[in-house]
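The values are calculated or read from the model by the stated rules, or taken from the named source; none is laboratory data. These numbers were taken from a predicted model, which means no experiment stands behind them. Methodologically, a virtual Cβ is constructed for each residue, glycine included, from the backbone with ideal geometry; neighbour enumeration extends over all protein chains shown. Note: areas computed on protein heavy atoms with side chains; ligands, DNA, RNA excluded. Shrake-Rupley method; radii C 1.70, N 1.55, O 1.52, S 1.80 Å.
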Amino acid sequence: AVDSSGRSSEVASLVVAAGCFWGVELAFARLPGVISTEVGYIGGSTPRPTYSAVSKGKSGHAEAVRIIFDASTIGLTTLFGVFFDVHDPTTLNRQGNDVGTQYRSAIFYSDERQGPAAPAAP
């Protein structure tokens, strides 16, 4: 794709779960090369989970952020670096004072090229 300035861009997406999605979204939204972010729920069994069902641990979903980014401007190493900086993936179902399975750590990549980059991140 070509943007309005005539520069070539490569739009890609990535979904991360790293605790409460509001803080995670803010961390990614501020990055140059991130086009947009959207919070939601992922990884559960309920087709249209409500906040109440998710917060009570009844849906199996995690709070997550979908990141739409220009891969020609920001790389996966940077995105995964932020992912690991904003939370501690070694704390099971907890981030800071937030406790519950909805706060678990996960990466949902959108194409097979993204998968190998996650373990290689700092």
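Summed over region 18-36, residues that are open to solvent by 50 Å² or more (accessible area, probe 1.4 Å) and part of a loop (DSSP other than H, G, I, E, B) total 2. The set of residues in region 97-115 being open to solvent by 90 Å² or more (accessible area, probe 1.4 Å) and in contact (Cβ under 8 Å) with a residue 40 or more places away in the chain consists of 109 alone.
Condition (residue is in contact with an Asp or Glu (Cβ under 7 Å, 6 or more places away or on another chain) and assigned to a loop (DSSP other than H, G, I, E, B)) applied to region 97-114: is it met by at least one residue? The answer is no; no qualifying residue exists. Annotation: residue 15 fulfils all but one of (1) of a type in the set (A, V, I, L, M); (2) assigned to a loop (DSSP other than H, G, I, E, B); (3) touching a residue at least 24 places away in the same chain (Cβ under 8 Å); the unmet one is (2). Just wondering, is there one or more residues in region 79-96 that are of a type in the set (A, V, I, L, M, F, W, C), assigned to a loop (DSSP other than H, G, I, E, B) and loosely packed, with under 15 Cβ neighbours inside 10 Å? Yes, that holds for at least one residue.
For region 1-12, a residue qualifies if it is at pLDDT 90 or above and either of a type outside the set (D, E, K, R) or in a strand (DSSP E or B) (or both), and the qualifying residues are 11, 12. Those residues that are crowded, with 17+ Cβ neighbours inside 10 Å and part of a loop (DSSP other than H, G, I, E, B), I need them from region 56-65; list them, please. Result: 59, 61. Among the residues of region 82-105, those identified as farther than 19 Å from residue 26 by Cβ and hydrophobic (A, V, I, L, M, F, W, C) are 92, 99.
Quick grid of which residues meet (1) open to solvent by less than 40 Å² (accessible area, probe 1.4 Å); (2) farther than 19 Å from residue 111 by Cα; (3) touching a residue at least 12 places away in the same chain (Cβ under 8 Å); (4) within 10 Å of the chain's Cα centre (by Cα):
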| residue | (1), (2), (3), (4) |
| --- | --- |
| 9 | yes, no, yes, no |
| 38 | no, no, yes, yes |
| 43 | no, no, yes, no |
| 50 | no, yes, no, no |
| 54 | yes, yes, yes, no |
| 67 | yes, no, yes, yes |
